[in-house]
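First comes the structure, then the notes that go with it.
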């Protein structure tokens, strides 16, 4: 069908409203959405705001032309850098996360590894080290930044949107993807860059944008989205019917899913893709990440999920992104295959098992098998299973308390590195880790296979004999700002019951105030309001272990509301201090070394220890 009227914007053809016999028609698929866009056609009109050199790296603060929208120009500000004097470099496009901005550190890090890196400032925050009068990203009359949050879920027309009819071009992600693809054009036109070796990566919203770019631009030869880009965001989770849709678009749901849903881009991804994630991420949902990744038609996909964390990685997982680009853009590293894994429900003793066979072409330094029974991927606790090795395989039994809950299982395999490596904002590491596929068995499958509930509740929450294996640690090397957290109390095996007291055995070098926090309904709005309940525990310090026993009413919100029961606790945290609404408990000057937790347990009404 011939469109009623077309306007030449940024050298490509985009439909606008006009009076004609035929009503304008919105693109209905990913292919239709991008069919009329050529990211190379329009002149980039690059302006170099500033250029400088430091430690062998050439840096440029640049702006380039995104396009013209509704007769108003739009320009992108960015940082570009490369090793001085180098040519034929692979190019990387960095896409920052929500609320962030272009990062000089990202450019510096990858330039020192032999890449040319462009970090675009799509969010339009003030550029790092900007001087008075320096130009910034200017979107003109449209606004796909976080000042226009509804635009990420929108298809309807409006003043800051492109089409005067319902269309995916009225969605923020369309404009951001377009601008990022123009960034690829910038990279391929730099004399230092090999145009046939381009990669793209980003965290959170930048991870989402990475999936859009990789799924719409064949110039991408390696992609590494992280904690973002998981599809099916408008769909309730089948195993959690009480959870409402995560996103409800302003417009036709079918059109939104077909043109903006990540699951609609995955089948178009041709580049090798590493998905970096966290098991409890609120944005890059683990279940949906695997589901979306399964739609990528080629097999060159890897996953690397840091256990227990939300929106942050430990070093052995963070480093995988750098190694991924080293393989596919530099040919100086080889990734092992995704670990083979098999969930066996029909076992002789009726206890499910997960068998893992890692790729043994490289040195395997560890195999960790995890399982859970919680249908909510953001809040679930991942149990560490006991894995036993036989030749080249590892197997773990997965005992459960009931066959009426689903079973989730996966494994992480660690490998040694020939020399230490790092990733921006992560400590150097001698290991890297990748994940197996995720296995899910619903209650009907468990019952049909004859699985028996053999597990029993435990009053012993953790004796720390395996260290903080079931926890995540924040700022663990900081003497004052550390935090230790675990989700074990949300698992029915370790859930507290009426009459029990939460007891902690702690050692402290010097007298301090220890802050203990219990969070209710974390990421579970269907169960109630999320609240933090806090108690201040005075530690005596000195030799020996101090035992602290607490009941629900000891924990209070910052407004003084007491906790009524252990029933809805999702997270246990210990910290040196707690700040909320202008009130601070504890101290930012922890005295002596960090405390040592020796045992955490539920004390029975008779006071007996488990």
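The values are calculated or read from the model by the stated rules, or taken from the named source; none is laboratory data. Since we're looking at a predicted model, the values are computed, not measured. Every residue, glycine as well, gets a Cβ built from its backbone with ideal geometry; the counts of neighbours run over all protein chains shown.
For the reader, a short list of remarks on this structure follows.
- When residues of region 207-218 are limited to those that are in contact (Cβ under 8 Å) with a residue 60 or more places away in the chain and in a loop (DSSP other than H, G, I, E, B), the one farthest from residue 183 (Cα to Cα): 215
- Exactly one residue out of 539, 489, 572, 504 is farther than 30 Å from residue 403 by Cα and surrounded by 20 or more Cβ atoms within 10 Å (Cβ to Cβ), and it is 504.
- Qualifying residue in region 48-56 (condition: over 24 Å from residue 175 (Cα atoms) and either part of a loop (DSSP other than H, G, I, E, B) or not assigned by TED's automatic domain parsing to the domain that holds residue 203 (or both)): yes
- Which listed residue is closer than 30 Å to residue 87 by Cα and at pLDDT 50 or above, from 36, 42: 42
Matching residues to (1) buried (at least 20 other Cβ atoms within 10 Å of the Cβ); (2) at pLDDT below 95; (3) in contact with a strand residue (DSSP E or B) (Cβ under 7 Å, 6 or more places away or on another chain):
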residue	(1), (2), (3)
521	no, no, yes
525	no, yes, no
543	no, yes, no
553	no, no, yes
562	no, no, yes
581	no, yes, no
589	no, no, no
605	no, yes, no
610	no, yes, yes
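- Failed condition for residue 478, given (1) surrounded by 16 or more Cβ atoms within 10 Å (Cβ to Cβ); (2) under 28 Å from the mean Cα position of the chain (by Cα): (1)
- Residue list for region 131-155, restricted to those being outside any helix (DSSP H, G or I), within 29 Å of the chain's Cα centre (by Cα) and buried (at least 16 other Cβ atoms within 10 Å of the Cβ): 136, 137, 139, 142, 143, 144, 145, 154, 155
- Residue identified as over 30 Å from residue 478 (Cβ atoms) and either outside the structural domain of residue 318 (by TED's automatic domain parsing) or loosely packed, with under 14 Cβ neighbours inside 10 Å (or both) among 426, 433, 409, 421: 409
- From the list 99, 91, 133, the one residue that fits, being out of contact with any helix residue (DSSP H, G or I) (no Cβ under 7 Å at 6 or more places or on another chain) and farther than 26 Å from residue 27 by Cβ, is 133.
- Selected residue (criterion: surrounded by the fewest Cβ atoms within 10 Å (Cβ to Cβ)) from residues of region 171-195 that are more than 21 Å from residue 103 (Cα to Cα) and in contact with a helix residue (DSSP H, G or I) (Cβ under 8 Å, 6 or more places away or on another chain): 195
- Residue in region 196-206 that is over 29 Å from residue 434 (Cβ atoms), touching a helix residue (DSSP H, G or I) at 6+ places or on another chain (Cβ under 9 Å) and free of Cβ contacts under 8 Å to residues at least 60 places away in the same chain present: no
- Taking region 427-541 as the region of interest, none of the strands (runs of 3 or more DSSP E) fully inside it holds 3 or more residues being free of Cβ contacts under 8 Å to residues at least 24 places away in the same chain and touching a helix residue (DSSP H, G or I) at 6+ places or on another chain (Cβ under 8 Å).
- Those residues of region 557-583 which are assigned to a strand (DSSP E or B), more than 25 Å from residue 492 (Cβ to Cβ) and touching a residue at least 24 places away in the same chain (Cβ under 8 Å), in sequence order: 575, 577, 578, 580, 583
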